[in-house]
Every structure is written in structure tokens, then in C-alpha cells.
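Take a look at the structure set out below.
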Amino acid sequence: MALRSGQVQRLDATGQSARTLEGLPESYVLSQGGYFDITLDPKFATNQRIYLSLAHGTPEANGTRIVRGTLNGSRVENLTPIFTVSPLKDTPVHYGGKMQFLPDGTLAMTTGDGFEYREAAQDTFNLMGKVIRINSDGSIPMDNPFADGGQGHPAVWSYGHRNPQGLVFDPDTGELYSHEHGAKGGDELNRIIPGANYGWPAVTKGVNYSGAYISPLRTAPGVEEPLIFWDPSIGASGLALYQGDAFPQWQGALFVGTLVDSDVRKLTFVGDSVSEEILFTEIGERIRDVRVGPDGMLYILTDSDQGRVIRVVPDDLSNAAASSDQEN
Amino acid sequence: MTRTLGSYIAAVIVAYCFGALFISQGNIAAVTGLGFDVTMSQRLGAIVHDVSGMTDIYLPLVAVSLLLGLPVAFAVVRKNPHLRMIGYVSAGFVALLAMHVIMKAVLGLSGIASTRTLWGLLAQGVAGGIGGYLFCRLSGQSKAD
């Protein structure tokens, strides 16, 4: 778990004990800065490698960075920065920072537009407002859409994003999904296609916080349409694909946490459309992240001064646990 | 007093309309600058949308800015009547300009996207100046009468 203070903690499997990871670099902690995401190497069982994304730099020059290290208990060793978004910016917001390993061992990460630099999202040579794809050592794969550098930065995988806060790969379909915050309205879920343009800020379903159009264009040729968008914004946060055994009825569904509405959205693909179900409103807290554990349970991270990790279990397990508690 | 109040309200409304218009066109300029086509119909639609849609936040900001700026001009103009026009126009210009600069300083971000550019920021000053000009003309009629 990444905390607002800039620390990262390792929670044990029982949820009872959390230890602060040692050895991590100091992140730039202000506003939306800090640590963003943590992911394990696909070969973690043998190499113990972890990857963390964080805000790096100073108020005048900061950006999203990926560091790689080896986890040894509660200590991260052999830390190496493997990628830093360029150019650096002077705003403490809109970092993106969600990571996802792809089946070929490459690592994708979302980056934000920095708020003040929205037009950068359309600049394929600028790494803000993108999904980028790198090798696990930080080098750039030769099959990226702009790998030759002639039409864009070689690391760019897709562009035209605002502040993507979710990224997940579906191994069954081979699809990569991302969602991103719109401004006022215009949160959207996208299917990420290499080299594709997702429109921001020239094409968007949202408007400025002032009420003015960001752009009068809601669609445009050559711009990918979202699979679903939310207006008003839900503050989409965290994205998980359910492929566990504990909830057979959830198989293949996407789960999205919401910061604004304080619930979790279950998204199911029905042909070309997406059906949406609102869950867990009883939590009543801003939802920062949603993950599926290796045990098939759904884990929900809340965002507050007393944030919680909530483990969602099927009714039969929950009842069994309750019975066990009573017997004890 | 009634004339002054009416002049102030008219100044706020006109400054708001011009300010919203400049914001609208500034945003569209940013879009076309990215290589996207915006038709005349979309441009006009955006003006209508933005002028009618910015009343929640931008209109109160304009109202407060002029409420603070115009009395300052009045204090100067009262002792220097020959500076009446330039005084109110300048007050309106500075009031709206300052509003955006202060907002950026407080929030750390530009509350109005078009003010990220110098021209967009100056355009807001022009909108305030137009408001100040109108206030000068309307509030001054009582003396002429």
C-alpha cells in the first residue's frame, strides 16, 4: 500500500500487520504526488523483483518515475530508476502512474498531462498524457508504435490521455484496458490500442471546471471512442479484472473504484456495450484502488486519514468465518 | 445609488460575457492549434454554451473582482475627475487580471485554462476593461443630466 505520507507498506496476508518498506527513494509528496503503484515482476517467485511508480523531483521539476528493486523481507534492495517521464513539470498533479505487465514481459504505465500541460497529451514526442511501454530493464521495445523515433517518442504506446488511474490486461482477450479522469464529466474507460489517439484535450465528453468547453469536439476522425464514459465524473480509481474462482458470477468483469461516488462499479461487456452495476455503497468512503488477490477475493483500498483495506469474500466463506468466531 | 448599482450590474454582465467569449475562443484556438478542425457552427455553439454555462463560478468571480476594483478607481477619480475614464477602464482591466493571477498563486494551477497564455490572460483584462468602461459611461450620466 502507498500512503499519503509517501511511505509504502507491506501488509501481511491476514491483514493484521503492516510493515513500512525500507530502502525506497523519497518521493515528491505534495497534492497528488507520492507513490502511485506497486507491481511484481512476472518472475517474482524466482527474482523477487518489484516495480514502483512514484512522483520524483522538486516543485519546480517533477514527474512520474519507475524504480525497480529486489524485495528482501520489508527491505527493497538494488534499487534502480528505470524510467522517468519527460519533460519534467512544475505542477503536483496528474501523474498517472498505473503499471501493468504484459504477456511478453514488457511493462506498460500510464502518465498524466500535469493539468497545466494538457496539449502535451497530443504531442507524441512528449511523454505526458500517454500509456508508455518499456522492457523490464527500462529499455524500449523495438515493436512500439513510434519505436523509430520519427513520429513520436519510442516509449509511447498510446496518446491523448488526461490522467489515467487504472490499467489492466485481459489475458483471455489480449486487450489492455485503461480508465482516466476527465475534467468536469468525461471520465472514461478505454481499450488501449498501440499507436491510437484517445483525444484529450481536443476531443472529450467533459467540460472545464469553469463550465466552459474544453473543446466543442465530442468525437473526431482518428480518435478512439471510450467504451463507456461517466458524466458527471465518478473519480475512477483502480481497475481490476476478475478471473478468480471465489465469485464465479463475476468472471471476466472489470471493477472500478470511485473517489467521488464512494462505491465500486462492476462493468460487464455485453456485445459492444458495457453494462454497469454499482456495488459496495455501504463502505461510504472514497475508493482508492481495487484489486483481485491470488486467493480470488476482491480487495478494496479506501482513501482517508484512516484508510482501510477491505477484503470481499463470498457469503458462504463469510458465514463460515462468523460461525467460527462464535465457536471461539 | 440606484444608478451606481445598475451600472455595476451592467458592467459585471458585460465583462462576464466578453470574458466568457474570450475564454471560449482561447480554448478553441488551443484545439485548432493541435490540428483539429472546428467548424463555424461548432464555434458559435461553443460561445452560446460557454456564455450560458459559466455562471456558477466565473460570474461570481467577475462580480467580486469588479466589486473590489471599481471602488478603488472611484477613490482615485473623485480627486482626479479628468482620470475618470482611464481610471475605471484600468480598474476593470487590473481587477480581472489580478483575479486570475491570484487564483493561480493560491491554487498553484490555472483555474481558467485560456489564461495559461499571456494573450489569454490579457484578454481577461480587456474584458474587465470593457466592464470598467461601461461602468464609467453609465454611472457618469447622472452628472451629465
**Asked** Any residue at all in the range B:66-75 that is of a type outside the set (Gly, Ala, Ser), away from every other protein chain (no Cβ under 14 Å) and buried (at least 19 other Cβ atoms within 10 Å of the Cβ)?
**Response** yes
**Asked** Across the range B:18-45, what is the number of residues that are within 13 Å of chain A (Cβ to nearest Cβ) and within 23 Å of residue B:97 (Cα to Cα)?
**Response** 12
**Asked** Restricting to helices (runs of 4 or more DSSP H) lying wholly in the range B:36-145: which have 3 or more residues that are farther than 21 Å from residue B:6 by Cβ, under 13 Å from the mean Cα position of the chain (by Cα) and free of Cβ contacts under 8 Å to residues at least 60 places away in the same chain?
**Response** B:84-107, B:118-144
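Looking at the range A:190-205, can you tell me whether even one residue there is within 17 Å of the chain's Cα centre (by Cα) and within 14 Å of another protein chain (Cβ to nearest Cβ)?
Start the filter on the range A:190-205 by keeping residues that are within 17 Å of the chain's Cα centre (by Cα), which leaves A:190-193, A:198.
Going one step further and asking which of them are within 14 Å of another protein chain (Cβ to nearest Cβ), we end up with A:198.
The answer is yes; a qualifying residue exists.
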**Asked** How many of the residues in the range A:124-143 are touching a residue at least 24 places away in the same chain (Cβ under 8 Å), over 19 Å from residue A:190 (Cα atoms) and either open to solvent by 10 Å² or more (accessible area, probe 1.4 Å) or not hydrophobic (A, V, I, L, M, F, W, C) (or both)?
**Response** 7
**Boolean, residue A:182 is out of contact with any helix residue (DSSP H, G or I) (no Cβ under 7 Å at 6 or more places or on another chain), open to solvent by less than 20 Å² (accessible area, probe 1.4 Å) and either within 20 Å of residue A:91 (Cβ to Cβ) or at pLDDT 95 or above (or both)** = yes
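Tally the residues that are under 19 Å from the mean Cα position of the chain (by Cα) and either within 12 Å of chain B (Cβ to nearest Cβ) or farther than 18 Å from residue A:40 by Cβ (or both), restricting the search to the range A:87-109. Don't jump to the end; show me each part of the working.
Keep residues of the range A:87-109 that are under 19 Å from the mean Cα position of the chain (by Cα), which gives A:92-103, A:105-109.
From what's left, either within 12 Å of chain B (Cβ to nearest Cβ) or farther than 18 Å from residue A:40 by Cβ (or both): A:92-96.
Looking only at that region, the number is 5.
Is it true that residue A:206 is open to solvent by less than 10 Å² (accessible area, probe 1.4 Å), closer than 30 Å to residue A:154 by Cβ and not hydroxyl-bearing (Ser, Thr, Tyr)?
Taking the combined requirement at face value, the residue does not satisfy it.
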**Request:** Quick one: count up the residues across the range A:1-13 that are at pLDDT 90 or above and open to solvent by 50 Å² or more (accessible area, probe 1.4 Å).
**Result:** 5
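The values are calculated or read from the model by the stated rules, or taken from the named source; none is laboratory data. In this text the structure is predicted, and so the values were computed from the model without any measurement. Here the Cβ is made from the backbone with ideal geometry for all residues, glycine too, and neighbour counts use every protein chain on show. Heavy atoms of the whole protein, side chains included, go into the accessibility calculation; ligands, DNA and RNA do not. Shrake-Rupley method; radii C 1.70, N 1.55, O 1.52, S 1.80 Å.
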